[in-house]
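What follows is a single structure, written as C-alpha cells, with notes after it.
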Amino acid sequence: MLSERDLIKWLAIACIAAAVISGGVLGLWEQAHPFFGHSRYQVVAPPFQLWSILQVFKALGFLGGLFGLFLIATRRGILLKIIMGAAVLGGAFFAIVWIMIAVTARDDAVYVLKHPIGSDVHSNGGALFLWLAPIALGIAALAAHRISRRKSIWSILVGLLGLRIFGLFAPGTALMIEGLIWLVLGCILYTSRGSAQQLVRPERGARVV
C-alpha cells in the first residue's frame, strides 16, 4: 500500500502530466488546427476522438492535483469535503460529455432538460473542478497554515485565472496558459509532499476548515 507521501507524489505527477496535455498538446494543437468549425455544433478537427480522450485525461489529472492539495494543505473539514465531492461529480460529468463528443462528433453531445451540453465549461461540470475547487482549497490552505502562504495563494489564482482566460484569449492561447498555471500547481504539490507526514491527524483543538 502506498504511503500518503507516495500517494501525493503520484497525484502531483498526474497533475503535471495533465498540465502538459492541456497546454503543450491541446493548446498547440488548437492553434495549428482549431477544433471547432464555423457551424455551432459541428466538430471539424481530426482526429476528434483523440482530442476528446485527452480532455478526459486532463480532467483526471487535475482532479488528482486537487486531491493531493486537499490532503497536504488543508484540515479536511466537512465543507471542503462537500466541495471536493462536487468537483469529482463535475469532473465525471465533464469526462462523460467529452466521451459523447468523441462518439457523436458534435458539440451538443449531451442534452439536459433540452439544453445542449458540450465543450462549454460553464455547463459541462468543468467549472466545479477548474474554478471552484482550487479557490476553495487555496482559502482552506491559507487558514490551515500547512504550506506557505504563496503556495496557498497560487491555488486561488489557478481558479481565478481559469475563470477569465478563455474569455480574454483565443482557445489555443488560453489552453497553454491553463496548462502553465496547473503545471505550477503540480510542482508545488510535488515539492511539498514531504509535509504529508504531518497530516495524518489534525492537531488536538485545531480549527477545522
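The values are calculated or read from the model by the stated rules, or taken from the named source; none is laboratory data. Computed from a prediction, not measured in an experiment: that's the story for all the values here. No Cβ is skipped: glycine too gets one built from the backbone with ideal geometry, and neighbour counts run over all protein chains shown.
When 159, 186 are screened for being under 13 Å from the mean Cα position of the chain (by Cα), surrounded by fewer than 23 Cβ atoms within 10 Å (Cβ to Cβ), small (Gly, Ala, Ser) and modelled with pLDDT of 95 or more, only 159 passes.
When 73, 87, 127, 109 are screened for being among the small types (Gly, Ala, Ser), buried (at least 16 other Cβ atoms within 10 Å of the Cβ) and over 15 Å from residue 159 (Cβ atoms), only 109 passes. If you check 174, 143, 105 for being of a type in the set (A, V, I, L, M), under 23 Å from residue 31 (Cα atoms) and at pLDDT 90 or above, only one passes: 174. Selection of region 105-160 for residues being at positive phi and touching a residue at least 12 places away in the same chain (Cβ under 8 Å) yields 105, 125.
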